[in-house]
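The values are calculated or read from the model by the stated rules, or taken from the named source; none is laboratory data. Owing to the predicted nature of the structure, the values given are computational and were not obtained by experimental measurement. All Cβ positions, glycine included, derive from the backbone under ideal geometry; neighbour counts span all protein chains shown. In case anyone asks, the SASA skips ligands and DNA or RNA and just uses the protein heavy atoms, side chains included. Shrake-Rupley method; radii C 1.70, N 1.55, O 1.52, S 1.80 Å.
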Amino acid sequence: MNRPATGQSQAGKKPPNSMEMVRASLPKRYAREKRFQWYGRVAIGMALLFLSLLFISIVGNGYTAFQQTYVKLDVYFDPDRIDPSGDRAPDALSAGDYGGVVKQTLRNMFPEVRGRRDKRTLYGLVSTGADFKLREMVLADPSLIGETATLWVPADDDVDMLMKGHIDRSLPEEDRRLKDKQLAWIDRLVDEGRVEKRFNTTFFTAGDSREPELAGIWGAAVGSMFTLAVTLLLSFPLGVATAVYLEEFAPKNRWTDLIEVNINNLAAVPSIVFGLLGLAVFINFFGLPRSAPVVGGLVLTLMTLPTIIIASRAALKSVPPSIREAALGVGASKMQAIFHHILPLAMPGMLTGTIIGMAQALGETAPLLMIGMVAFIVDIPGGVTEPATVLPVQIYLWADSPERAFVERTSAAIMVLLAFLITMNALAVILRKRFERRW
Amino acid sequence: MTSLTESADKTVDKSFDDTTVTEAIEVEHTATVARENRETVGEQFVDTARMTCRDVDVYYSDKHAIKNVTLDIGHNEVIAMIGPSGCGKSTFLRCLNRMNDTIDGCRVSGTIEIDGQDIYHKSMDVVPLRAQVGMVFQKPNPFPKSIYENIAYGPRIHGLAQNKAELDEIVERSLERAGLWDEVKDRMEQPGTGLSGGQQQRLCIARTIAVSPEVILMDEPCSALDPIATAKVEELIDELREHYTIAIVTHSMQQAARVSQRTAYFHLGDLIEVGETNQIFTNPRHQLTEDYITGRFG
């Protein structure tokens, strides 16, 4: 009856058996379904492959950074060098010539080394961090002065690289970071059992340094935490409040349409533009300190806000209207309906959006370069107004450094950053599960 | 006009003492009003009106959803609103406690008064109005909270209970009135969403009566329920009539006939006929009403 025109032209013929037609089309349908499933599997396989490539290359390059070569020295805490005045005053002790003590120790261990040049190469075996270590020990316990102690001090990064097999001994001497003499000394130290690889605590507790063996990620991690704390404290309340107002209270007119379009546009603005804005507004106009987490946090807030607003609005929209009606129906005011019923139900979505935004902010580098967070900062920041750098910027800085030892530290820092990200995403999943409710 | 009011008055009086108003057909007539005539016929007015609606028009942006409806809702009566889908009966119901405010582009004109107060007046606060005129929705919509919290929420936000003991009492009384107490008294802390559909709807009714409204609006309360749950809710409506005025929208003409004293028939935004339920179903005056109840369309 309501067949298309083609049906009528065949009206004279016997109508084809529809079950036969269905059966004939079945293999094709199933094949299509199977093909589609395979596309999906291949896509997932590719994703996993690249993910594992990423992890293998990073971990493979970086795992050695978690170990550091140490050299055992028998140090004589020479009172003449450390405390020439002999009054044990802390000021005098901290100004003592610890470098001289270390050098003296090395000269004692290799008495055959003569000549300024050879001596200097000998001193290069041990990190300058050894001086600081001695000073710390003496300041903590002045009674050490005059004693001889056996202690492990970090080796120079080149020695470290040699021990980890990153320096090729077969290269001609002039192409090598370590001279033949140094190789001989190191071999002697190894034979004496004075060289050992240990867990690299410095990497997790120190700030940045020009010396790879003294450089650590903690300064950048603290900077990241301060920056993200500022970002979270500003962007979450602002974003949620904006979303609630736009979604629940604002009249739907041309102005709110304009605002919505602009929020969506902001989400797509390249992040370096926010960095320029932060430089112009926060630093130049408001005079906030350069390189400080507070400015970084403000800039990242601007960058994260659109993400949070969009996610929060979507979460509010997904709350079934029946809940809203139920609350209004028993006489709740609009505000009560929102705060007692709609917000709690939208919270998992809002938190997910927020944490995705924060994860994005954690990995952001470009805008922070513009506001000076790319500075070389050795001290671990103690507050949001002190100069700091953040994890991705630290990675960028280390990746730029010529020393071989920074290569593994760059990868190790990436591992730390990824660990942060994975933790945050896991937190998002847990929060979502906890707040999720059926309706 | 006077005869109309009198007869309506009588209807309401009758409904007080006798729920099975069978012999009360007083207005005998033979000629039915033609289909083209959209004037309301029947008894729109009652003497003891709780809510009075005069010349109510509702627009959704450009769409004229309700056209010039005039209707009284009497004290302690159950008034059923029937009609084909999209005829505006739910829209009209939602005007009675201003739930339409939440819909963008919805405009209401005319006057709707409750106990002599214009609910669309500028000075009218919707929060107490909705406490006074409660609503039960088509789909059971308990809050995703415990059974106790579902009932306690309304009294708590309105400050109806001074302390926990009073609140407990309100919760228990509301659940008892809704006939749900015995089924849930041992699991008050379990989520309301875990109940069966019929129980959820009775929970919603209990939630509504917990704030002691005067009028309860029900928007197809049984459309998502099975016949047994429906029977329970209908029984409940009959009991609630003692204390409350109930306006119910329903798709089921049997249900309208079972639970209501008066019935209003809506057709494409017009209120076609209002009258005593029995008269509407046995002797409709308007051709459209007759077409609908005899199943010619709808």
*Based on what the data block shows, is A:Thr352 of a type outside the set (Lys, Arg), at pLDDT 90 or above and open to solvent by 10 Å² or more (accessible area, probe 1.4 Å)?*
no
*Identify the residue in region A:323-348 that is without any contact (Cβ under 8 Å) to a residue 40 or more places away in the chain and either within 32 Å of the chain's Cα centre (by Cα) or at positive phi (or both) and, among all such residues, is surrounded by the fewest Cβ atoms within 10 Å (Cβ to Cβ).*
A:Ala346
*Given the residues A:Arg438, A:Arg432, which is the only one that is modelled with pLDDT under 90 and in contact with a strand residue (DSSP E or B) (Cβ under 8 Å, 6 or more places away or on another chain)?*
A:Arg438
*Do we have any residue at all in region B:213-223 that's within 30 Å of B:Glu113 (Cβ to Cβ), assigned to a loop (DSSP other than H, G, I, E, B), within 20 Å of the chain's Cα centre (by Cα) and within 12 Å of chain A (Cβ to nearest Cβ)?*
yes
_In region B:109-136, the residues that are within 14 Å of another protein chain (Cβ to nearest Cβ), exposed (fewer than 14 other Cβ atoms within 10 Å of the Cβ) and not in a loop (DSSP other than H, G, I, E, B)_ = B:Pro128
_Meets criteria (modelled with pLDDT under 95, closer than 17 Å to A:Leu369 by Cα and in a helix (DSSP H, G or I)) for A:Ile283_ = yes
*Take the residues in region A:70-105 that are more than 14 Å from A:Asp141 (Cβ to Cβ) and β-branched (Val, Ile, Thr), then tell me which one is nearest to the chain's Cα centre (by Cα).*
A:Val71
*Are any of the residues in region A:116-126 among the hydrophobic types (A, V, I, L, M, F, W, C), open to solvent by 70 Å² or more (accessible area, probe 1.4 Å) and closer than 20 Å to A:Asp156 by Cα?*
no
*Can you tell me which of B:Ala178, B:Ala152 is crowded, with 23+ Cβ neighbours inside 10 Å, more than 11 Å from chain A (Cβ to nearest Cβ) and touching a Leu at 6+ places or on another chain (Cβ under 7 Å)?*
B:Ala178
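Give me the residue from region A:143-177 that is in a helix (DSSP H, G or I) and open to solvent by less than 50 Å² (accessible area, probe 1.4 Å) and, out of that set, farthest from A:Ala95 (Cα to Cα).
Checking each candidate, the answer is A:Leu162.
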*Of (1) at pLDDT 90 or above; (2) not assigned by TED's automatic domain parsing to the domain that holds A:Leu122; (3) not acidic (Asp, Glu), A:Ala155 satisfies all except one. Which?*
(2)
*Residues being within 14 Å of chain B (Cβ to nearest Cβ) and either farther than 23 Å from A:Ala315 by Cα or buried (at least 22 other Cβ atoms within 10 Å of the Cβ) (or both): count how many of those fall in region A:386-439.*
0
*Examine region B:231-243 for a residue that is at pLDDT 90 or above, over 18 Å from B:Val78 (Cα atoms) and either among the basic types (Lys, Arg) or under 13 Å from the mean Cα position of the chain (by Cα) (or both), and state whether such a residue exists.*
no
*Keeping to region A:280-313, report how many residues are under 20 Å from A:Ile380 (Cα atoms) and either among the β-branched types (Val, Ile, Thr) or open to solvent by less than 10 Å² (accessible area, probe 1.4 Å) (or both).*
6
_Those residues of region B:50-70 which are at pLDDT 90 or above and within 22 Å of B:Leu240 (Cα to Cα), in sequence order_ = B:Met51, B:Thr52
